[in-house]
Amino acid sequence: MMASGEGIRAVVLAGGDGARMAPFGETQAKALLPVGARPLLAGTLEELAAAGVTWVRVVAGGRHAQAVTAFATRAGVDVVTTEAPGTAAALLAAMEDMEDMEGTGAAADGQPILCIFGDVWFGRGVLSGLVERARAGAVDAAWALAVPLGAERPQDWICVAVEGDAGAAGDGSGDGAGVARAHGWRGHPRSGSHRSGGAFWLPPGFGRYLRANPGQGVRVPVGGMPPAESYLEESLNLFLEDGGRVWAVVPRRPVWDLDKPWHLLAANEADLAQRFGPVTGIRLAPGAEVDPTAALRAPVVLEEGARIGPGVIVHAPLYVCAGGSVTDGAIVAGPSLVGPGSHVREYARLDGAVLGADVVVGHCAEVSGVVMAGARIVHYCELSGVVGRSVDIGAATVCGTLRFDDGASRQRVGGAGGRWEVPAVCADAAYFGDFSRTGVNVTLLPGRSVGAYACVGPGVVVAQDVPPRTLVLLAQELEHRPWGPERYGW
């Protein structure tokens, strides 16, 4: 058992390229994608602090290494950069020059390490629950999150086999999570009930299993094709084979791995539900204002300098960050968050929307989903999905959300050349990559995307994904005929 006053160290692995996160992976690190109008990594660091973690090292790598390094450094976190292929190799690289928390110079492998995947959103208290159980348990045991698959397919995940129904009841702890023995991890199996949860408490001496990792991917069923990467889960399999004990913690609260773009929508929806859970009534920070003509029919939270203006109708919980405003007859129809310095005005409608910083939604535009920093949606638009950074949406751009057959849309994972998949959640959402733009009267059919830096010209119906850095124009064929008074008998 670990002494209660002993410091906890964590390593956050944030070096992935985000290939399956198209159209956003090309321009953003998954660890910096916005959840609740702030970078995912910011929320992870906050949860680690709440769990009692006293020291964090972030591992950056790949094409987004500089962005991750810049953010983590500003947050006061230690950063290392590595090109090591895979989570096991990246963790091992992060541990190479660590010393123990007491400053005695002992190797990092002499103490437990909490390893977190940087592209995972954890519900409040999930990481604290994992740490509490690990600290109270045997010092030589490993602990890992195991997340129920729900509607998701096991073939899309690294799955963990747990003993019995660990999620049927909690173990008496405050977070209600279940605990069971873990019996091993498999990559994209044909059956399974739980996926690997992206958080691991690794016991002292675990470095030997990182070094022994074969670098061939997690063991797979017959016919499976694992990539040549060193997965941490395969090192845990080696630990189990060597007689080690691994306990699975099955959380009751949401955990979303931001693997594909629709997971960004699901994580933001879960974050909104978590944010509004304890909120009742109206909460105004100093300098916040509510116009007396506004109709507030649901809980509202306004940060410093935020404002609700004339004629606004709030039917669902609303959170407005510092300097933001909702005014001029705007309507809030579903739980929504307005980011710092963002403005919703002129009869616009939010229906379950999360807006980043410096966003403008105006003039009868209707928005649901996630809108990233700096985007402009200002005239008669209907958008449902994810709008990237600094996107300029032309007047009357519309996203279709219902197919004629009432089915779910297939979406291509990873851009051109990727495979088709029917999302288990948010199947008909549309996606606009960073720095893209549309002309007037553009229509996106359900499930389609516009790549980063792309431009869709006026009147185009987007029936296929638009590749990044592409201009799409409508080729109009005109026919000219004689016409005049003679046609009317003069």
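The values are calculated or read from the model by the stated rules, or taken from the named source; none is laboratory data. Everything quoted here is computed from the prediction, not taken from an experiment. Glycine gets a Cβ as well: all are built from the backbone with ideal geometry, and neighbour counts include every protein chain shown.
The criterion of being over 16 Å from the mean Cα position of the chain (by Cα) and surrounded by fewer than 19 Cβ atoms within 10 Å (Cβ to Cβ) holds for residue 83. Here 431, 380 are screened, and the one residue that is surrounded by 14 or more Cβ atoms within 10 Å (Cβ to Cβ), out of contact with any strand residue (DSSP E or B) (no Cβ under 6 Å at 6 or more places or on another chain) and not assigned by TED's automatic domain parsing to the domain that holds residue 35 is 380. Taken over region 408-444, the criterion of being aromatic (Phe, Trp, Tyr) and under 18 Å from residue 269 (Cβ atoms) is satisfied by 431 alone.
Screening 336, 325 for residues that are crowded, with 24+ Cβ neighbours inside 10 Å, farther than 20 Å from residue 433 by Cα and not aliphatic (A, V, I, L, M) leaves exactly one candidate, 336. Of the residues 141, 67, 88, the single one that is small (Gly, Ala, Ser), surrounded by fewer than 19 Cβ atoms within 10 Å (Cβ to Cβ) and more than 20 Å from the chain's Cα centre (by Cα) is 141. Screening 180, 212 for residues that are of a type in the set (A, V, I, L, M, F, W, C), buried (at least 17 other Cβ atoms within 10 Å of the Cβ) and out of contact with any His (no Cβ under 8 Å at 6 or more places or on another chain) leaves exactly one candidate, 180.
With the structure loaded, tell me whether residue 188 is within 20 Å of residue 257 (Cα to Cα), modelled with pLDDT of 90 or more and surrounded by fewer than 23 Cβ atoms within 10 Å (Cβ to Cβ) or whether it fails that test. Show your work before the answer.
On the way: within 20 Å of residue 257 (Cα to Cα): yes; modelled with pLDDT of 90 or more: yes; surrounded by fewer than 23 Cβ atoms within 10 Å (Cβ to Cβ): yes.
In short, yes.
Residues in region 23-56 that are among the basic types (Lys, Arg) and surrounded by fewer than 21 Cβ atoms within 10 Å (Cβ to Cβ): 38 alone. Residues that are within 30 Å of residue 418 (Cα to Cα) and modelled with pLDDT of 95 or more were ranked within region 1-20; the one that is surrounded by the fewest Cβ atoms within 10 Å (Cβ to Cβ) is 13.
Of the residues making up region 233-287, those that are part of a helix (DSSP H, G or I) and free of Cβ contacts under 8 Å to residues at least 24 places away in the same chain number 1. Just a yes or no: is a residue in region 282-297 over 24 Å from the mean Cα position of the chain (by Cα), surrounded by fewer than 16 Cβ atoms within 10 Å (Cβ to Cβ), under 26 Å from residue 16 (Cα atoms) and of a type outside the set (S, T, N, Q)? So far as region 282-297 goes, no, none of its residues is over 24 Å from the mean Cα position of the chain (by Cα), surrounded by fewer than 16 Cβ atoms within 10 Å (Cβ to Cβ), under 26 Å from residue 16 (Cα atoms) and of a type outside the set (S, T, N, Q).
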